[in-house]
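I have placed the structure first, in the form of structure tokens, so that the comments after it can refer back to it.
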């Protein structure tokens, strides 16, 4: 994966010192970066959904693993209850973001998901999990849970707390820049597609095939890589209308599938 789109690069100071949890955190971060890369390189909506669902399922699996580990040391403790609640809130929030797909393009939904996941994971790892792991290691050294909690709060209030704020700020900037690059890529692709389809020779060719102005607008967005749902949103028309126009375009251009349609050329 190109380093440019690693919106959440793994660093050694993210380690909580519990092997299984660290391994799963690294896996989550890899999947998050994979989603960002797919969005930045304008992967299809289907590809984005597959990566997103894979990430969501793995997050739930990770939560189950983590909760079983914490339960061994925090049974009935308020810290355990709070941690489980944070996992539940995460799932609820991701579902809310996913539901936005019904009112806006999926790539915009993924942008929101990336921003939320990046911030949440940083807080999850560097704050909550770090504190829990400090307590676990203290308990393993025969410290009482009350003293272990005091130690955890003290350790996290100094340099570790400042590092947390610095990393959070850095990654928010990185996420913002990544999303900006994504938008620039989409707009550049749109401009190239429009220039191609409005050139004199191509315009003549499309008119000779009976392509209407509306169909050309849709064809431009298809070549730029937008899905039918995204095209419907941008043109303020229904999904069914877009699909009907795409079928007409394929018929008029002699294209047998969407790949040929997206690469329509002079014959």
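The values are calculated or read from the model by the stated rules, or taken from the named source; none is laboratory data. If you're wondering where the values come from, they're calculated on a predicted model, not measured in any experiment. Positions of Cβ are generated from backbone atoms using ideal geometry, with glycine treated the same way; all protein chains shown enter the neighbour counts.
Just give me the residues in segment 34-58 being modelled with pLDDT of 90 or more and more than 13 Å from the chain's Cα centre (by Cα), in sequence order.
Within segment 34-58, 57, 58 meet the criteria.
Can you tell me which residue is nearest to residue 123 (Cα to Cα) among those in segment 71-84 that are crowded, with 16+ Cβ neighbours inside 10 Å and within 27 Å of the chain's Cα centre (by Cα)?
That would be 83.
Need the failing condition index for residue 137 against (1) surrounded by fewer than 18 Cβ atoms within 10 Å (Cβ to Cβ); (2) under 26 Å from residue 54 (Cβ atoms), just the number.
All conditions are met except number (2).
Residues in segment 31-52 that are without any contact (Cβ under 8 Å) to a residue 12 or more places away in the chain and assigned to a helix (DSSP H, G or I): how many?
3
Quick one: in segment 174-227, which of the residues that are outside any helix (DSSP H, G or I) and modelled with pLDDT of 70 or more is surrounded by the most Cβ atoms within 10 Å (Cβ to Cβ)? Outline the logic, then answer.
First, the residues of segment 174-227 that are outside any helix (DSSP H, G or I): 198-199, 209-212, 224-227.
Okay, now just the ones that are also modelled with pLDDT of 70 or more, so 209-212, 226-227.
Details: 209: 15, 210: 12, 211: 22, 212: 14, 226: 25, 227: 19.
The selected residue is 226.
Of all residues in segment 85-110 being closer than 26 Å to residue 146 by Cα and touching a residue at least 12 places away in the same chain (Cβ under 8 Å), which is surrounded by the most Cβ atoms within 10 Å (Cβ to Cβ)?
So, considering only residues that are closer than 26 Å to residue 146 by Cα and touching a residue at least 12 places away in the same chain (Cβ under 8 Å), the one surrounded by the most Cβ atoms within 10 Å (Cβ to Cβ) is 87.
Hey, can you tell me all the residues within segment 99-113 that are under 14 Å from the mean Cα position of the chain (by Cα) and assigned to a helix (DSSP H, G or I)? First the steps, then the outcome.
First, the residues of segment 99-113 that are under 14 Å from the mean Cα position of the chain (by Cα): 100-101, 105-113.
Listed by number, the residues that qualify are 100, 101, 106, 107, 108, 109, 110, 111, 112, 113.
Taking segment 238-261, which residues are at pLDDT 75 or above, touching a helix residue (DSSP H, G or I) at 6+ places or on another chain (Cβ under 8 Å) and within 24 Å of residue 106 (Cβ to Cβ)?
Listed by number, the residues that qualify are 238, 239, 241, 242, 243, 245, 246, 249, 250.
Residues are listed down the side, and each one gets a yes or a no for (1) more than 22 Å from the chain's Cα centre (by Cα); (2) part of a helix (DSSP H, G or I); (3) over 23 Å from residue 47 (Cβ atoms):
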| position | (1), (2), (3) |
| --- | --- |
| 69 | yes, yes, yes |
| 90 | no, yes, yes |
| 97 | no, yes, no |
| 115 | no, yes, no |
| 130 | yes, yes, yes |
